[in-house]
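Below you'll find the structure, written out as structure tokens, and then a few comments.
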Amino acid sequence: MSNKKTKSPAKKGLLGWILYFAGEKKGQYFVSVFFALLSVACCMAPYYMIARIVRQLISGSKDWALFLKECGIISLFWLGNVLFHALSTTMSHVATFNLLGNIRKRMCDKLTRLPLGTVLDMPSGSLKNIMIDRIDSMETTLAHIVPEYTSNIILSLVLVVYLFVLDWRLALASLAVVPVGLIAMSFMFKDSAKRFKYALDKTKVLNDTAVEYINGIEVIKAFGKSKSSYEKFVVAAKEGSDCYVEWMRDCIWPHAVATVIMPSLLLSLLPIGGIMFLHGTIDAPLFITVIIMALSAVQPLLIAFGYHDDIAKAGAIFGEVGEIMTLPELIRPAFDVKKPEDNSIVLKDVRFSYHGKKEILHGINMTLPQGSYSAFVGPSGSGKSTIARLIASLWDVDSGSIEIGGVNIKDLSLEDYNRRIAYVSQDNFLFDMSVRDNIRLGKEGASDAEVEEVARKSGCYDFIMSLENGFDTVVGGSGTHLSGGERQRIAIARAMMKDAPIIILDEATAYTDPENEAIIQQSVAKLVAGKTLIVIAHRLSTVKDADRLYVIKDGVIESEGKHEELIEKGGLYKDMWEAHVSSKDE
């Protein structure tokens with residue numbers, strides 16, 4: 001799980017991306033191209049057979065049995081075209097669905113290895129759009145572009161070579177209009193990658209604005225900001241559509257010229273070939289053969305050029321995927337370099353800043369013995385949660401080190417380290433499934449009895465049973481069917497189910513009322529016996545019994561000790577305690 005890379009995926013071309021993500025199914029793409037070549041060959045062969053029949057007729061042949069036989073061969077070629085095309089598209093679709101699945105799997109896997117801050121900086125609307133909509137939009141393109149574009153380009157080249165073999169003068173005459181069509185297409189494809197990237201950026205803004213508008217609809221209505229907020233969405237929607245409309249408007253005339261001129265090979269071939277025939281430099285059979293074969297070259301050429309826009313779009317989408325796939329990861333080995341001796345935690349001169357900007361933590365040093373109960377307190381923005389997240393390995397420290405059992409956490413695999421930590425924050429996420437399944441996420445394969453037992457021990461059982469369907473109640477997207485306090489209690493039960501030796505509760509009872517908070521505190525105290533517990537809290541009464549309190553202020557440890565010791569010392573903790581007691585009295 002290191003962040004080392006042998007080659008940056010962002011530098012791959014479209015074919016490189018396809019082979020990179022196709023995995024074990026890449027061979028199916030090659031087989032698909034082979035069948036596509038046979039399909040296009042079967043499509044071209046009848047033109048050759050027709051030319052042959054015409055030559056025989058011109059020479060005076062009246063062998064109707066031969067003609068019937070050759071017509072039968074043409075029918076077989078037609079059947080071969082249908083059969084090989086079906087086999088080609090079947091193989092390419094199977095490979096493409098596998099490829100799209102691999103992209104999503106690798107992107108999800110990549111997100112798990114990124115620092116939390118990197119993921120949080122990505123707007124959810126943009127991520128959803130890339131991982132679902134954009135990747136889905138490549139299905140048709142990739143399933144057809146690999147076999148059909150490749151095969152039609154190859155067959156077009158073969159036909160051009162064959163025309164030159166027949167007569168190089170007629171070949172040049174038949175291709176005389178192609179440069180005109182190519183020039184028109186070059187205007188159509190000018191800056192296509194740049195335009196499509198711009199369109200994707202505008203679509204991202206539209207998605208992010210839509211998500212923001214929907215998520216904030218309650219605030220918008222409560223404060224009467226519907227007009228201004230909706231205007232922002234309208235502007236994003238208009239810009240999102242205008243970029244496509246302007247792009248298409250600029251491409252209308254070049255596209256019209258290209259699609260009219262490119263197939264018109266006879267426009268130059270007939271007059272030039274007619275003059276050559278009249279002067280006796282070519283005979284009729286050759287002239288007719290070249291005419292028929294030139295007509296056969298039109299279709300694969302148009303099909304191949306028709307994919308150019310799709311290739312540009314697929315390249316832009318793969319570029320977006322590449323930007324995510326090459327983000328720097330947490331530096332961790334695939335396997336533990338050394339096994340920790342216990343579950344004690346030591347921070348040595350830890351310094352940290354978000355995205356390399358202003359430093360948040362300034363040389364934090366602390367030792368949390370195994371089985372101890374430690375609490376971080378201090379004003380909002382002092383760095384309490386940041387320390388907890390660094391211990392949970394959601395970010396990497398800028399300098400200094402964090403050790404578990406005498407081993408630097410950077411020497412432990414993420415998989416092993418995650419098994420040691422149960423982290424519960426104030427903003428807990430529940431999946432849109434039953435309460436039972438949300439708790440079971442803490443321990444894969446846990447029985448219903450185990451889930452219910454953990455719920456009892458964590459003080460959640462009674463309130464869960466009061467829900468409409470008890471443990472089988474579906475909590476809704478992000479747990480929206482439950483209150484904030486109920487979501488937190490289920491998240492704590494889930495953490496308890498994990499049975500990790502280190503538990504971090506970051507304002508985990510912030511949304512609960514005092515009565516339920518007392519129940520949770522008592523339950524947690526029983527469940528964490530013998531475990532290393534870290535609690536971050538604003539309500540000092542909930543952590544005054546901690547083995548050691550760390551008072552964090554402006555990114556440094558202002559003081560540390562037991563509750564009584566800190567009260568006796570005075571300073572920030574005493575002021576906070578007196579304010580807390582005063583507010584409770586009021």
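The requirement of being open to solvent by 40 Å² or more (accessible area, probe 1.4 Å) and assigned to a helix (DSSP H, G or I) is satisfied by residue 494.
Among residues that are in contact with a helix residue (DSSP H, G or I) (Cβ under 8 Å, 6 or more places away or on another chain) and surrounded by 17 or more Cβ atoms within 10 Å (Cβ to Cβ), residue 59 is not included. Candidates 389, 351: the one that is out of contact with any Lys or Arg (no Cβ under 8 Å at 6 or more places or on another chain), in a helix (DSSP H, G or I) and either open to solvent by less than 10 Å² (accessible area, probe 1.4 Å) or of a type outside the set (A, V, I, L, M, F, W, C) (or both) is 389. For the stretch 308-343, how many residues meet the condition of being surrounded by 19 or more Cβ atoms within 10 Å (Cβ to Cβ) and part of a loop (DSSP other than H, G, I, E, B)? Selection size over the stretch 308-343: 5. The set of residues in the stretch 392-417 being over 25 Å from residue 356 (Cα atoms) and open to solvent by 10 Å² or more (accessible area, probe 1.4 Å) consists of 406, 415, 416.
Give the residues of the stretch 301-348 that are among the β-branched types (Val, Ile, Thr) and either within 30 Å of residue 244 (Cα to Cα) or in contact with a helix residue (DSSP H, G or I) (Cβ under 8 Å, 6 or more places away or on another chain) (or both), sorted by residue number. Result: 303, 311, 317, 321, 324, 326, 331, 337, 345.
With respect to being open to solvent by less than 10 Å² (accessible area, probe 1.4 Å) and of a type outside the set (Asp, Glu), residue 360 falls outside the description.
Please verify whether the stretch 275-284 includes one or more residues that are assigned to a helix (DSSP H, G or I) and open to solvent by less than 50 Å² (accessible area, probe 1.4 Å). There is at least one residue in the stretch 275-284 that is assigned to a helix (DSSP H, G or I) and open to solvent by less than 50 Å² (accessible area, probe 1.4 Å). Based on what the data block shows, is residue 420 out of contact with any Asp or Glu (no Cβ under 9 Å at 6 or more places or on another chain), open to solvent by less than 30 Å² (accessible area, probe 1.4 Å) and basic (Lys, Arg)? Taking the combined requirement at face value, the residue does not satisfy it. When the residues of the stretch 288-307 are filtered to those that are surrounded by 21 or more Cβ atoms within 10 Å (Cβ to Cβ) and hydrophobic (A, V, I, L, M, F, W, C), the one that is farthest from residue 110 (Cα to Cα) is 290. A single entry from 245, 211, 180, 234 fulfils the requirement of being more than 28 Å from residue 134 (Cβ to Cβ) and either modelled with pLDDT of 80 or more or open to solvent by 40 Å² or more (accessible area, probe 1.4 Å) (or both): 180.
No other residue among 550, 573 is within 21 Å of residue 370 (Cβ to Cβ), open to solvent by less than 20 Å² (accessible area, probe 1.4 Å), touching a strand residue (DSSP E or B) at 6+ places or on another chain (Cβ under 9 Å) and not β-branched (Val, Ile, Thr) apart from 550. Among the residues making up the stretch 406-423, those that are modelled with pLDDT under 90 and part of a strand (DSSP E or B) are 421, 422, 423. The set of residues in the stretch 449-467 being buried (at least 17 other Cβ atoms within 10 Å of the Cβ) and part of a helix (DSSP H, G or I) consists of 451, 452, 454, 455, 461, 463, 464.
Go through the stretch 130-209 and tell me which helices (runs of 4 or more DSSP H), entirely inside it, have 2 or more residues that are in contact (Cβ under 8 Å) with a residue 24 or more places away in the chain and under 18 Å from the mean Cα position of the chain (by Cα).
135-144
Among the criteria (1) farther than 19 Å from residue 51 by Cα; (2) open to solvent by 40 Å² or more (accessible area, probe 1.4 Å), the one residue 158 does not fulfil is (1). Does residue 289 fit the bill of being hydroxyl-bearing (Ser, Thr, Tyr) and either touching a helix residue (DSSP H, G or I) at 6+ places or on another chain (Cβ under 8 Å) or within 30 Å of residue 57 (Cβ to Cβ) (or both)? Spelling it out, residue 289 is indeed hydroxyl-bearing (Ser, Thr, Tyr) and either touching a helix residue (DSSP H, G or I) at 6+ places or on another chain (Cβ under 8 Å) or within 30 Å of residue 57 (Cβ to Cβ) (or both).
Scanning the stretch 424-442 for residues that are aliphatic (A, V, I, L, M) and not in a helix (DSSP H, G or I), which turns out farthest from residue 554 (Cα to Cα)? Restricting to residues being aliphatic (A, V, I, L, M) and not in a helix (DSSP H, G or I), the top hit is 433. Of all residues assigned to the stretch 439-452, none qualifies as being aliphatic (A, V, I, L, M) and touching a Leu at 6+ places or on another chain (Cβ under 8 Å).
Filtering the stretch 257-270 to residues that are part of a helix (DSSP H, G or I) and either of a type outside the set (Gly, Ala, Ser) or modelled with pLDDT of 80 or more (or both) leaves 257, 259, 260, 261, 266, 267, 268, 269, 270.
For the stretch 91-129, filtered to residues that are outside any helix (DSSP H, G or I) and aliphatic (A, V, I, L, M), the residue that is nearest to the chain's Cα centre (by Cα) is 122. Annotation note: of 44, 49, the sole residue that is closer than 25 Å to residue 287 by Cα, free of Cβ contacts under 8 Å to residues at least 40 places away in the same chain and either surrounded by 15 or more Cβ atoms within 10 Å (Cβ to Cβ) or among the small types (Gly, Ala, Ser) (or both) is 49.
Here are 517, 507: which of them is modelled with pLDDT of 70 or more, among the acidic types (Asp, Glu), within 27 Å of residue 573 (Cβ to Cβ) and open to solvent by 10 Å² or more (accessible area, probe 1.4 Å)?
It is 507.
The values are calculated or read from the model by the stated rules, or taken from the named source; none is laboratory data. No experiment lies behind these values; they were computed from the predicted model shown. For neighbour counting, all protein chains shown are included, and Cβ atoms are generated from backbone atoms with ideal geometry for every residue, glycine included. Keep in mind that these areas ignore ligands, DNA and RNA; they rest on the heavy atoms of the full protein, side chains included. Shrake-Rupley method; radii C 1.70, N 1.55, O 1.52, S 1.80 Å.
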